[in-house]
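Have a look at the structure below, then the notes.
The values are calculated or read from the model by the stated rules, or taken from the named source; none is laboratory data. All figures in this text were calculated on a predicted structure; none of them were measured in a lab. Cβ coordinates were reconstructed from backbone atoms using ideal geometry, including for glycine residues, and neighbour counts include every protein chain displayed. Just the protein is used for accessible areas: all its heavy atoms, side chains included, with ligands, DNA and RNA removed. Shrake-Rupley method; radii C 1.70, N 1.55, O 1.52, S 1.80 Å.
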Amino acid sequence: TQLLEQSPQFLSIQEGENLTVYCNSSSVFSSLQWYRQEPGEGPVLLVTVVTGGEVKKLKRLTFQFGDARKDSSLHITAAQPGDTGLYLCAGAKVRGYSTLTFGKGTMLLVSP
Amino acid sequence: GAVVSQHPSWVICKSGTSVKIECRSLDFQATTMFWYRQFPKQSLMLMATSNEGSKATYEQGVEKDKFLINHASLTLSTLTVTSAHPEDSSFYICSLERGGDTQYFGPGTRLTVL
């Protein structure tokens, strides 16, 4: 059973377009992280959200944690080729217990 | 964020040999580190939790005698793939937790077993 469902699995868009990636679960998470990973490298943390309904912005990226802390979304405005990569959401079930459950990832390709 | 290094970044070995991968925390004393493996175009799969000074905790389905983990100091954890086979070829990534639930990842090690 995949505890965190990520969609879409693959997204190919043109530079300047907007996009949203979703991370859904039937389980409640104490916190949720979003990472970006480039080929041949380890994931790099983008953001951690911990409060239901929380919205965080990182330049052109907007992250939202659902009110019930079961889902999250990542919205990218005016995507650029440098945004290309694998986006992973990961949730922690219990606060302070660090084992993370990862979604399957969304591969984003932004073409010039 | 924490700075995590891995060595080697890539390794090619013959089937039947053992390979050791090091994970170092460069700026933080980590009592807990994590080891993941990742197949091409797939997500990360947690293999084990490495605890400093004690035995690692392995996830279900991961052979502890095949993947030996040693966390001998607060800045170093090692993963040894014993008697490697081609199906062990993968991208191995370590991480550490530095406050809260967020993990910081190393750059990964690409293992190819011929």
Matching residues, region A:11-54, being assigned to a strand (DSSP E or B) and hydrophobic (A, V, I, L, M, F, W, C): A:Leu11, A:Ile13, A:Leu19, A:Val21, A:Cys23, A:Leu32, A:Trp34, A:Val44, A:Leu45, A:Leu46, A:Val47, A:Val49
Leading residue by the ranking (farthest from B:Leu111 (Cα to Cα)) among those in region B:1-24 that are assigned to a strand (DSSP E or B) and within 9 Å of another protein chain (Cβ to nearest Cβ): B:Val4
Residue count, region A:82-112 (criterion: away from chain B (no Cβ under 13 Å) and either in a strand (DSSP E or B) or within 17 Å of A:Leu46 (Cα to Cα) (or both)): 5
Hits in region A:82-93 - residues which are open to solvent by 50 Å² or more (accessible area, probe 1.4 Å) and either charged (D, E, K, R) or touching a residue at least 60 places away in the same chain (Cβ under 8 Å) (or both): A:Lys93
Filter result for A:Lys57 (over 30 Å from B:Val11 (Cβ atoms) and free of Cβ contacts under 8 Å to residues at least 12 places away in the same chain): yes
Candidate set from region B:38-88 (those that are in a loop (DSSP other than H, G, I, E, B) and out of contact with any strand residue (DSSP E or B) (no Cβ under 9 Å at 6 or more places or on another chain)); member that is surrounded by the fewest Cβ atoms within 10 Å (Cβ to Cβ): B:Gln60
Residue that is within 14 Å of chain B (Cβ to nearest Cβ), of a type outside the set (A, V, I, L, M) and surrounded by fewer than 22 Cβ atoms within 10 Å (Cβ to Cβ), where the choices are A:Phe10, A:Phe65, A:Phe29: A:Phe10
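Could you count how many residues in region B:89-102 are surrounded by fewer than 16 Cβ atoms within 10 Å (Cβ to Cβ) and away from chain A (no Cβ under 14 Å)? First the steps, then the outcome.
Filtering region B:89-102 down to residues surrounded by fewer than 16 Cβ atoms within 10 Å (Cβ to Cβ) leaves B:99-100.
Cutting the leftovers down to away from chain A (no Cβ under 14 Å) gives us none.
So the answer is 0.
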Residues of region B:25-38 satisfying the condition of being within 13 Å of chain A (Cβ to nearest Cβ) and modelled with pLDDT of 90 or more: B:Met33, B:Phe34, B:Trp35, B:Tyr36, B:Arg37, B:Gln38
Long-range neighbours under 7 Å by Cβ, at least six apart or interchain, first residue under 19 Å from B:Lys66 (Cα atoms) and small (Gly, Ala, Ser) within region B:1-27, second assigned to a loop (DSSP other than H, G, I, E, B) and open to solvent by 40 Å² or more (accessible area, probe 1.4 Å): B:Ser15/B:His85; B:Ser15/B:Leu114; B:Gly16/B:Ser83; B:Ser18/B:Ser83
